[in-house]
Amino acid sequence: MSLLVTKAKEQIVNAVNSAAQKAISEGALPEAELSAFTVEVPANREHGDYAVNAAMSWARVFRKAPRQIAEILTANFDFEGSYIERCEIAGPGFINFFLSDSYYADILADIAALGADYGKSDYGKGKKVLVEFVSANPTGPMHIGNARGGALGDALAAILSAAGFYTEREFYINDAGNQINKFGLSLDLRYSQLYRDGIEMPEDSYHGEDIINHAKAFAEKYGDSFMDKDEQTRRKALVEFALPLNIQGLHDDLLKYRIEYDTWFRESTLHNNGEASRIISLLKESGHTYELEGALWFKATDFGCDKDFVLVRANGVPTYVVPDIAYHYNKLEVRKFDKAIDVLGADHHGYVPRLKAALTALGVDADRLDVVLMQMVRLVRGGEVIKASKRSGKAITLVTLLDEVPIDAARFFFNLREPNSHFDFDLDLAVSESNSNPVYYVQYAYARICSIIRNLEAEGVKMRECTPDELCALNTADERELIIHLGALTDEIVLSAKSYDPARITHYAVELATKFHKFYSSCRVKGDDEALMQARLNLCANTAAVIKNVLSLLKIDAPEKM
């Protein structure tokens, strides 16, 4: 675990607070409670590595001008045993801190020592987190929204794991309820059309090519033997034939997308083991239900929702929300996950408060459920939005997307924006081999470093381990900018885990590639100064290691040649 950036910031905060306490004890500043202040990177690195606004923050409590407070603080600083080399007062009272060469050398030493583990931390303290994502309807192929959800959920799970959480991935199979009834109806009608004329498909049935193919495959195996069976028997047989094929298809397609789940959880489990029925009983016992016109309602308005909702219809059939409540109760109370994270489409925004209300009524801390709402994706080609009809069966699926776009590009592109932002997926850009393509740009930086090391080895220059003093020679502005960015990875992963936003990691990767290309343009690696050449070779190798670590979080390849 490397947290040198955090350590340096903490040393600055401690130095400022200690200087203030010393000044107070010596009477240079009046007694006062010290409030928090910010430690940030100056816009211009020539002004220091970090700047603090403590003097401005404390002007009111100390009843002095910020500049005067800053002067008193600097007179009382003790930087012994820290990375802080010196400080300067700027403007009205900012204090700029400059870190020592050893700080930068230690970052590179950390990367070399930790290798594939660089960037990981114990921030999560091993807390159990279950990330549920995609959970596509098993009655048909996965659409483009599932493609975004897959890349997002899988990257989020990897980031949480790197940040020190115990993380599992889960797919929830909706193999019960209305969609399965509609699936059975659609299969039955397509099967019947093979043997009888005049059978129409209702508007709200499934019209996809996959339904036709399943019906034909069923007919090839059983012929017309089910045509003389009753409707219920025929539909049951068709579902039992087609549904496992669809679920296996989901599994195979997601595996192609480099997604592997720890658990495939079936909704039918909740009905078969009685957990769904038990939820109804527990909600009744909570005192937050009532009957109206034969239906059982949940008093969601007791928990801040805008309206109540039905749990059990007048015909005795539970609504879809009952197994959903049971499923989340199972996650948090039965399987004891500390946190459940759902990645859902933005159209579920009204569903979340109802689910949390029910969990609260069941005595579960609803804050243990977090939902990442994901906005729509539009596919763009030639500057034009591609329109497709899901009902006609011509929707663009995950499989058709991956037939056209490299998996690396798909996974990177879908994590380029925050989940709650709309995203235009540029198909032309995703397949282009140019610096405009962000994933190609990052992969090219990695391949370029591999080529540098390879070419120098061919000339007899082999990279060796550098001494701390040799690494301290990496002190140009572009070298320092690159090292600072390398040092920020651990913090960036933690921030990404806290915000549930893998886009922070793709942005980090692109910026890292930019800083490397800038360094390589301004600093000649091969040279007569052997020690400096080795230091720069080490910087190249450490940059490559970090790029590889970042891409591995996203399950994206790091090619050595391009």
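The values are calculated or read from the model by the stated rules, or taken from the named source; none is laboratory data. Note that the coordinates shown come from a computational prediction; the quantities given were computed from them, not determined experimentally. Please note: Cβ atoms are built from the backbone with ideal geometry, for glycine as well, and neighbour counts cover all protein chains shown. Note: areas computed on protein heavy atoms with side chains; ligands, DNA, RNA excluded. Shrake-Rupley method; radii C 1.70, N 1.55, O 1.52, S 1.80 Å.
Among the residues of region 339-358 satisfying the criterion of being assigned to a helix (DSSP H, G or I), hydrophobic (A, V, I, L, M, F, W, C) and within 25 Å of the chain's Cα centre (by Cα), which is farthest from Y320 (Cα to Cα)?
Taking the candidates together, the pick is A346.
Please state which of the following conditions E80 fails to meet, knowing it meets all the rest: (1) assigned to a loop (DSSP other than H, G, I, E, B); (2) in contact with a helix residue (DSSP H, G or I) (Cβ under 7 Å, 6 or more places away or on another chain).
The number of the failed condition is (2).
Of the residues L99, L114, L130, L108, which is open to solvent by 40 Å² or more (accessible area, probe 1.4 Å) and either touching a residue at least 60 places away in the same chain (Cβ under 8 Å) or in contact with a Ser or Thr (Cβ under 7 Å, 6 or more places away or on another chain) (or both)?
Of the residues listed, the single one that is open to solvent by 40 Å² or more (accessible area, probe 1.4 Å) and either touching a residue at least 60 places away in the same chain (Cβ under 8 Å) or in contact with a Ser or Thr (Cβ under 7 Å, 6 or more places away or on another chain) (or both) is L114.
Yes/no per residue for (1) open to solvent by less than 10 Å² (accessible area, probe 1.4 Å); (2) more than 30 Å from K216 (Cβ to Cβ); (3) outside any helix (DSSP H, G or I):
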site	(1), (2), (3)
L156	yes, yes, no
L160	yes, yes, no
G164	no, yes, yes
D175	no, no, yes
F183	yes, no, no
L187	yes, no, no
R196	no, no, yes
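Being touching a residue at least 60 places away in the same chain (Cβ under 8 Å) and surrounded by fewer than 19 Cβ atoms within 10 Å (Cβ to Cβ) narrows it down to one of V461, V442, so name that one.
V461
Against the condition within 21 Å of K128 (Cβ to Cβ), open to solvent by less than 20 Å² (accessible area, probe 1.4 Å) and not basic (K, R), how does V372 come out, does it pass?
Against the criterion (within 21 Å of K128 (Cβ to Cβ), open to solvent by less than 20 Å² (accessible area, probe 1.4 Å) and not basic (K, R)), V372 qualifies.
Tell me which of these A43 doesn't satisfy, since it passes every other one: (1) farther than 23 Å from T6 by Cβ; (2) open to solvent by 60 Å² or more (accessible area, probe 1.4 Å).
(1)
Kindly indicate whether any position in region 166-188 is in contact with a helix residue (DSSP H, G or I) (Cβ under 6 Å, 6 or more places away or on another chain), closer than 28 Å to R411 by Cβ and charged (D, E, K, R).
Taking every residue of region 166-188 in turn, at least one turns out to be in contact with a helix residue (DSSP H, G or I) (Cβ under 6 Å, 6 or more places away or on another chain), closer than 28 Å to R411 by Cβ and charged (D, E, K, R).
List the number of the failed condition for Y320; all other conditions in (1) buried (at least 18 other Cβ atoms within 10 Å of the Cβ); (2) aromatic (F, W, Y); (3) modelled with pLDDT under 95 hold.
Here Y320 meets the rest and fails (1).
Being at pLDDT 95 or above and over 27 Å from the mean Cα position of the chain (by Cα), is that true of even one residue in region 364-375?
Scanning region 364-375, I find no residue that is at pLDDT 95 or above and over 27 Å from the mean Cα position of the chain (by Cα), so the answer is no.
Filter region 1-39 down to the residues that are farther than 19 Å from D101 by Cα, in contact with a strand residue (DSSP E or B) (Cβ under 8 Å, 6 or more places away or on another chain) and not aliphatic (A, V, I, L, M), then identify the one that is most open to solvent (accessible area, probe 1.4 Å).
Among those residues, the one meeting the criterion is T38.
Confirm whether E492 is within 30 Å of G150 (Cβ to Cβ), among the acidic types (D, E) and in contact with a helix residue (DSSP H, G or I) (Cβ under 6 Å, 6 or more places away or on another chain).
In short, yes.
Scan region 323-338 residue by residue and report those that are in a loop (DSSP other than H, G, I, E, B) and buried (at least 17 other Cβ atoms within 10 Å of the Cβ).
Hit for region 323-338 is F337, nothing else.
Please specify each residue of region 529-555 satisfying the condition of being part of a loop (DSSP other than H, G, I, E, B) and open to solvent by 10 Å² or more (accessible area, probe 1.4 Å).
Across region 529-555, the qualifying residues are D529, K555.
Of (1) open to solvent by less than 40 Å² (accessible area, probe 1.4 Å); (2) in contact (Cβ under 8 Å) with a residue 40 or more places away in the chain; (3) closer than 26 Å to T269 by Cα, S205 satisfies all except one. Which?
(2)
Between D501, D478, which is open to solvent by less than 40 Å² (accessible area, probe 1.4 Å), touching a residue at least 12 places away in the same chain (Cβ under 8 Å) and assigned to a loop (DSSP other than H, G, I, E, B)?
None of the other options fit; the residue is D501.
Taking region 408-439, which residues are part of a helix (DSSP H, G or I), touching a helix residue (DSSP H, G or I) at 6+ places or on another chain (Cβ under 8 Å) and either among the charged types (D, E, K, R) or within 15 Å of H507 (Cα to Cα) (or both)?
D408, A409, R411, F412, F413, P438, V439
Can you report the number of residues in region 208-228 which are at pLDDT 95 or above, part of a helix (DSSP H, G or I), open to solvent by less than 50 Å² (accessible area, probe 1.4 Å) and not hydrophobic (A, V, I, L, M, F, W, C)?
1
Looking at (1) aliphatic (A, V, I, L, M); (2) touching a Lys or Arg at 6+ places or on another chain (Cβ under 8 Å); (3) at pLDDT 95 or above, which is the only condition A388 fails?
(3)
If you take the residues in region 250-272 that are in a loop (DSSP other than H, G, I, E, B) and among the charged types (D, E, K, R), which one is most open to solvent (accessible area, probe 1.4 Å)?
Among those residues, the one meeting the criterion is E260.
Report every pair of residues separated by at least 6 positions or lying on different chains whose Cβ atoms are under 6 Å apart, first residue within region 281-306 and under 13 Å from L362 (Cβ atoms), second open to solvent by 80 Å² or more (accessible area, probe 1.4 Å) and of a type outside the set (G, A, S).
H288/D302
Residues checked against (1) at pLDDT 95 or above; (2) assigned to a helix (DSSP H, G or I); (3) surrounded by fewer than 24 Cβ atoms within 10 Å (Cβ to Cβ):
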site	(1), (2), (3)
K120	yes, no, yes
K125	yes, no, yes
V134	yes, no, no
N137	no, no, yes
P141	no, no, yes
A151	yes, yes, no
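Among the candidates E492, E560, single out the residue that is assigned to a loop (DSSP other than H, G, I, E, B) and not aromatic (F, W, Y).
Just one listed residue meets the conditions, E560.
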